[in-house]
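Novice: Just passing along the structure, written as structure tokens.
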Amino acid sequence: MAGTQSPDNQPNKSNLDEIRQTRIQKVGQIKDLGLNPYCYKWEITDHAQQLQEKYLDLAPGEEILDEVSIAGRIMARRVFGKLAFFELQDETGRIQLYLEKKKINNTMSDPEGSNLIGAFNHLKKLSDAGDILGVKGNIKRTEKGELSVYVSEFAILTKSLLPLPDKWHGLSDTEKRYRQRYVDLIVNPQVRNAFRIRAKVTAGIRRYLETRDFLEIETPVLQSEAGGAEARPFITKHNTLDMELYLRIATELHLKRLIVGGFEKVFELGRIFRNEGISTRHNPEFTSIEVYQAYVDYHDMMALTENIVSSVTQEVLGNTKVSYQGTEIDLTPPWRRVTMHEAVAEASGIDFAKFTDFASAKSAAEDAGIAVPEDCQTIGKLLNEAFEQKVESSLIQPTFITDYPVEISPLAKPHRDKPGLVERFELFIVGRETANSFSELTDPLDQRARLEAQADKKAAGDVEAHDVDEDFLTALEYGMPPTGGLGIGIDRLVMLLTDSPSIRDVIAFPLLKSQNNQDKSGLETDPGNSESKEGK
RNA sequence: GGGUCGUUAACUCAGUUGGUAGAGUAUCCGGCUUUUAACCGGCUUGUCCUGGGUUCGAGUCCCAGACGACCCA
């Protein structure tokens, strides 16, 4: 307390402070009544949505004596002299509370020493929108047709100190929605629904795989060498071991070790970290599932991808057709399959398979309006550039692009028929890469040569390349059975199924810049504008 | 990294040619037994994102920066 300042003379006293102070006073008044403004429990018998469904046919004015006990947050208050209507929101939805002075005061005794008269007045004076309330009562549909709990008993279970956003406009400021997701969740029910769907998707995928005898095995997040994708890793440090560690950029290399060890069907659904830019499609931490199955190839993985995605979609949405940003996406199998060469030829008129030297391929590409970057020095990379620039964004309906150049696929097995290509596919939906899969490379000497080429790139300064994982090569030398591998981007799949335009809409707490990093000029600035290649 | 737009009360937003900072909601006080964005009457609420500059005077104009959204690389 500032001794020199009188209580009346408080500069900068904002309206928010006043509201908060008023509510803190109410906390005191509740305690003075011998009640606890932060209760321990409330026995719940029902939820709002279930009651709305159960009593759908109850006519206006009708009352049913079924006793219910529910709890939730007060979202709206309409208070009359001796009557009040509250809207109570629980996880499932909302239901109106019909609060009548006569009924409440008859069933709830007036606490001793009260300076308020009657329980109804306690409710009227001490509750606010935002408080967590527990109520008991029976069911009644009001004359105006609103299903209500006709309350006989209540308790303020948790007193809220801060006001809710505008009851009509809600919270629309995107930054506040992400920074204070709890407020977003309180006032925007569709946001809660997106995370409900997300949970059903991950549970559904796990169930699908577990019933087919796949094992989920957890592999390290902290690794001494990042690998399994071309991406810039986060670097951290173990203090006692005095060892630099990386957060994983993929789960690939460890899951393959498990296949070497004798497991035939494994997967891991978990968090991946990539130290890259942030956009509507990228968050530095995101969720992937990688699946590995011995004795199958990438054709089998295509079927598996179709089956997982379509069956989970059916399970979660009751349909395999989804509407995404105004476009209907049909996820009913089978999906279109087209080789990368065919797709590029279709879009640009150039058949890259017929070129034998880079120079003529490059001039043909440039004639077709394809920008060729400096580090693009092979026909295979040129093909990939052409694909990214001319094809990718047009792949709206689910499409498997197959048979990638070996240069951009260091972990995939050479194509059994097509020299220079590998047995790989990526799945595109609404122009976004959603899954990636190979017939896994099992030849340890070929794998060594490709990883050493990556290590050379790292030595030359490529921050997305990594050193050779010798232990992984040792595992391959013991012998890995023929294996199909698959990675699916869970966030992008959930975006599709929730009709979300941004990845931040499906990540509960997306990464945002700190608001008070005023001056950190000594720190390295990260361009963070690169997108990772390969990797499931 | 580049571009466009934005940042004003707790929330949603106005703010004219540079001339006293506004509305609705919420809160608070009073009234009310059928409301559902309840209604009626009254009161209160500001780091106009930050820092400079121009000017007699800046929410408004100029410069730099922070944060966010979208697009591009």
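Novice: Here are A:189, A:233: which of them is under 24 Å from the mean Cα position of the chain (by Cα) and more than 30 Å from residue A:467 (Cβ to Cβ)?
Specialist: Numbers: A:233 fails: more than 30 Å from residue A:467 (Cβ to Cβ).
Matching residue, one of A:189, A:233: A:189.
Each row is one residue, and each column tells you yes or no for (1) touching a Phe, Trp or Tyr at 6+ places or on another chain (Cβ under 9 Å); (2) within 16 Å of RNA strand B (Cβ to nearest atom); (3) of a type in the set (Lys, Arg).
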{"residue": "A:447", "(1), (2), (3)": "yes, no, no"}
{"residue": "A:461", "(1), (2), (3)": "no, no, no"}
{"residue": "A:464", "(1), (2), (3)": "no, yes, no"}
{"residue": "A:467", "(1), (2), (3)": "no, no, no"}
{"residue": "A:474", "(1), (2), (3)": "no, no, no"}
{"residue": "A:493", "(1), (2), (3)": "no, no, no"}
{"residue": "A:503", "(1), (2), (3)": "yes, yes, no"}
{"residue": "A:507", "(1), (2), (3)": "yes, yes, no"}
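Novice: Still on this structure: May I ask you to list the residues in region A:62-81 that are in contact with a strand residue (DSSP E or B) (Cβ under 7 Å, 6 or more places away or on another chain) and part of a loop (DSSP other than H, G, I, E, B)?
Specialist: A:62
Novice: Something else: Out of (1) open to solvent by 50 Å² or more (accessible area, probe 1.4 Å); (2) in contact (Cβ under 8 Å) with a residue 40 or more places away in the chain, the odd one out for residue A:436 is which?
Specialist: Tallying (1) open to solvent by 50 Å² or more (accessible area, probe 1.4 Å); (2) in contact (Cβ under 8 Å) with a residue 40 or more places away in the chain, residue A:436 fails exactly one: (1).
Novice: If I ask for residues that are open to solvent by 30 Å² or more (accessible area, probe 1.4 Å) and of a type in the set (Asp, Glu), which ones from region A:386-433 would you list?
Specialist: Hits for region A:386-433 are A:388, A:392, A:407, A:417, A:433.
Novice: Output the residues belonging to region A:11-51 that are within 34 Å of the chain's Cα centre (by Cα), touching a residue at least 24 places away in the same chain (Cβ under 8 Å) and not in a helix (DSSP H, G or I).
Specialist: A:38, A:39, A:42, A:43, A:44, A:45, A:46, A:47
Novice: Still on this structure, please answer the following. Output the number of the condition that residue A:165 fails; it satisfies all remaining conditions of (1) surrounded by fewer than 16 Cβ atoms within 10 Å (Cβ to Cβ); (2) near RNA strand B (Cβ under 6 Å from one of its atoms).
Specialist: (1)
Novice: Now, a different point. Pairs under 7 Å by beta carbon, first residue assigned by TED's automatic domain parsing to the domain that holds residue A:492 and touching a residue at least 12 places away in the same chain (Cβ under 8 Å) in region A:277-299, partner of a type in the set (Lys, Arg) and more than 16 Å from RNA strand B (Cβ to nearest atom), six or more apart or different chains?
Specialist: Pairs found: A:285/A:271; A:287/A:271; A:288/A:536; A:290/A:536; A:292/A:256; A:293/A:265; A:298/A:424.
Novice: Collect the residues in region A:137-159 that are away from RNA strand B (no atom under 12 Å from the Cβ) and open to solvent by 10 Å² or more (accessible area, probe 1.4 Å), keeping them in residue-number order.
Specialist: Answer for region A:137-159, where residues must be away from RNA strand B (no atom under 12 Å from the Cβ) and open to solvent by 10 Å² or more (accessible area, probe 1.4 Å): A:152, A:153, A:154, A:155, A:156, A:157, A:158.
Novice: When you go through (1) buried (at least 20 other Cβ atoms within 10 Å of the Cβ); (2) closer than 19 Å to residue A:306 by Cβ one by one for residue A:441, which number turns out not to apply?
Specialist: (2)
The values are calculated or read from the model by the stated rules, or taken from the named source; none is laboratory data. Computed from a predicted structure; not experimentally measured. Heads up, the Cβs are rebuilt from the backbone with ideal geometry, glycines too, and the neighbour counts pull from every protein chain shown. The area values use the complete protein model at the heavy-atom level, side chains included, leaving out ligands, DNA and RNA. Shrake-Rupley method; radii C 1.70, N 1.55, O 1.52, S 1.80 Å.
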